[in-house]
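The values are calculated or read from the model by the stated rules, or taken from the named source; none is laboratory data. Since the model is a prediction, treat every value here as computed from it, not as a measurement. Note: ideal-geometry Cβ built from the backbone for every residue, glycine included; neighbour counts use all protein chains shown. Keep in mind that these areas ignore ligands, DNA and RNA; they rest on the heavy atoms of the full protein, side chains included. Shrake-Rupley method; radii C 1.70, N 1.55, O 1.52, S 1.80 Å.
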Amino acid sequence: MSKSYSQNIFFEGNENSKIKNEIVAQVGSVKITAEEFIYSYEFGPAFPKREKNSKLIYLNYMINEKLLALEGYEKGVMKNELRKGLYADIESDLASEEMFKKEIVPKVKINDVEIKKVIEKKQTEYQLRWLHANDSPALKDYLTQLKNGISFDSLFTAQLSDSVLVDDRQLTTSLYNIYMKNPQFALIVDTLKAGKISDPIHTDDGWYIIKIDNIIKSMITGEAEYNKLKSEAVEAITKSKMDLLSDQYVKGLFEDENPIIKRDVFNVLRSYLGKFILTPENYSEWKLDDKLEVALSNLGLKRGEKYTGLTLVECKNRKISLDEFIIWFRNREQYVKFSKNELIAFSKSLEDLVWVMVRDKLLTDEAYQKGYNKSDWVKKQSTWWKDKISYSAYRNELANFITLNSEEQRLVSEKKQSQSEIMSAELSKKILHKILELKKKYKIVINEVLLNKIKVSTENDKKAIEMFIAKRGNLIPRPAFPSIDNDWVNWE
C-alpha cells in the first residue's frame, strides 16, 4: 500500500487551514471549497500556473468541468455500469487508504539509528559493472575463464555488442537507490569492497557477477543538506515499514478468510480473457476452446449459456463471483501485463491477478465493515471524484458525436492535417458552445476575495514545471487527487 497523502499536507501551520471549508466558487448546486481548489491546483497541470492570475484561470477551468459534470448527471451518465464500477472502486480505495492511515501509520516507529543508516546509504555512491549470464552453462563458462586468469575487464568488454551497450552493464548510483530498486542485489553489493568480484547472484532473468569499481562517500556540507537527507530518510523508512505492516495486515485477512480459487471457473475465465488478449495462434495452440468445454461440462453448463453467478473464489465468510472479477479487471486492464510466452506462464500471471483482486475485495470489506467509507474525508474526496467521472464521461459522449465533414476528410486524405488534430479542434468548439449554454442554465458565483487569500506553492511563474503524482500502490492506480485535464491548455 502506498504512503497516503495526508489531508493536512497544504494546511498545517498555514493560513489555508482557516479557510479550507469556505466556498471559493459555486456552480449550480456544486460548491467548490478552498480545500478542493488547493488539492486540485497543487496536483494539477502546470500550464495555468505559468499565466498571470494563475488561480483564477485554474478556477475557471474547474468551473467548466463542474458545468459539464452537472450536465452529465442530468443526462444519466453515472447510471452506466462501468462508470458506477469505477466510482465504487475509487470510493473503496479511499476507504481502504483511510483504514491504513488510521490503523497502520500510528504503529510506525522510527529511531535515530535507522535514520543514520539510511543517510549513510544515501551518501555512499557505488560505481559498479556486471557480467550477465542467461543460464547455468553461460555462467559456468564465465567462472571457468575467471579461474583461468581471464580478467573481469576482458569478459566485460567481450559481452558488449550492438544490442548490449556499455550502459546496459554498468551503473553509478547510491547504495540507497540500489536498495530501493533491488533489495536482493543491494544486500550483495553492501558486503563487497572496491575492486572485489561477487559470487554469482541468481535472479529471475539469469545470473549476475558484480564488480565494484569504486565506492565514494560524500560528506554532509551543512545543516540544510542534513535536514533534507533526514527528511528523505524518515519518509523512506516510514514507507518501508508501512509496506511491511500492510503486508502483515493483508496476510492476516487471507488467513482469516482462507480464499480458494475454484479451478473450473478459473479455466472459464482464462479462456474468456484469452480470446481478447492472446493471439489467435496461441489461443488455438494452447487448446483453450477445448479447455473451456471441459470446464463448462464440469460445471454442468454448455457453450452459449449465461455464466452469471459462478463463484470464482470461495472464502470463509463470502464468495467472489466471476462477474465481480470481470468488473474489477475492466477498470484496471490498461495497467495489467500478462505473460504470453506459454500457457503455464499465462495461467500463472492470471492467477496472480486473481489474488490481487481478492486482496482488494478483502480490504474493501474490512474498511466498509469498520465504517471508514463514512468518514468525512472519504465522503469529501468521493464527491470530488464523482464530479470528475461525470465530467469525463459526458466529455467523451460529446466527442463520440463528432463526425468529419467532406472538407475535413479532404484535409486528412491530403495529409494536410491529421484526423486527431481535426477531431480535437472540433471537440474544443463543441465544448465551448456547450459551456456557454450551461453558463446560462446554471448560476456561477466566484468569491475572488477568498481566492486571493489562498496560498499555493507556484503562481504566475513562467518556469512552473510539470509534475504528475500517481497512487500506484493502491487498490486502483489513479492520480493523487482529481485535477483539471491537461487538454484545457488548447484553450490558452
Let me know the whole percent of all Cα-Cα pairs from region 105-256 that are separated by more than 28 Å.
37
Calculate, for the chain, the solvent-accessible area per residue in square angstrom, rolling a 1.4 angstrom probe over the heavy atoms of the protein chains.
56
Spatial separation of Cα centroids for region 293-307 and region 44-71, in angstrom
52
Please work out, to two decimal places, the log10 of the ratio I(q)/I(0) at q = 0.20, 0.21 Å⁻¹ from a Debye calculation in which every Cα of region 277-373 carries one identical scatterer.
-1.23, -1.30
Given 20 °C and 1.002 mPa s, how large is the Stokes-Einstein diffusion coefficient of the chain in µm²/s, with Rh as the Kirkwood radius over Cα pairs?
78
Between region 228-256 and region 80-107, what's the alpha-carbon centroid distance in Å?
18
Distance between the C-alpha centers of region 349-381 and region 204-218? Whole Å please.
40
Size of the dipole of region 139-229 about the Cα centre, Lys and Arg at +1 and Asp and Glu at -1 on the beta carbon, nothing else charged, in debye to 20?
320
Residue-normalised 222 nm signal for the chain, counting each DSSP H run of n ≥ 4 as -39,500 (n - 2.57), nearest 500 deg cm²/dmol, is -17500 deg cm²/dmol
Per the Kirkwood definition applied to all pairs of different Cα atoms, how many angstroms is the hydrodynamic radius of region 17-172?
22.9
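Take the alpha-carbon positions of region 17-91, form their convex hull, and give its projected area averaged over all directions (one quarter of the hull surface) in nm².
6.1
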Can you give the charge dipole size of the chain about its Cα centre, rounded to the nearest 20 debye, using +1 on the beta carbon of Lys and Arg and -1 on the beta carbon of Asp and Glu?
1060
Could you tell me the calculated FRET efficiency between E74 and E466, based on Cβ-Cβ distance and R0 = 35 angstrom, to the nearest 0.05?
0.55
Within the set K52/K434; K101/K388; K181/K386, which residue pairs have Cα atoms separated by over 30 Å?
K181/K386
Summarise the accessible area of the chain (1.4 Å probe, protein heavy atoms) by the percent that is carbon and sulfur.
50
If R0 is 30 Å, what FRET efficiency do you get for R318 and S349 from their C-beta distance, rounded to 0.05?
0.75
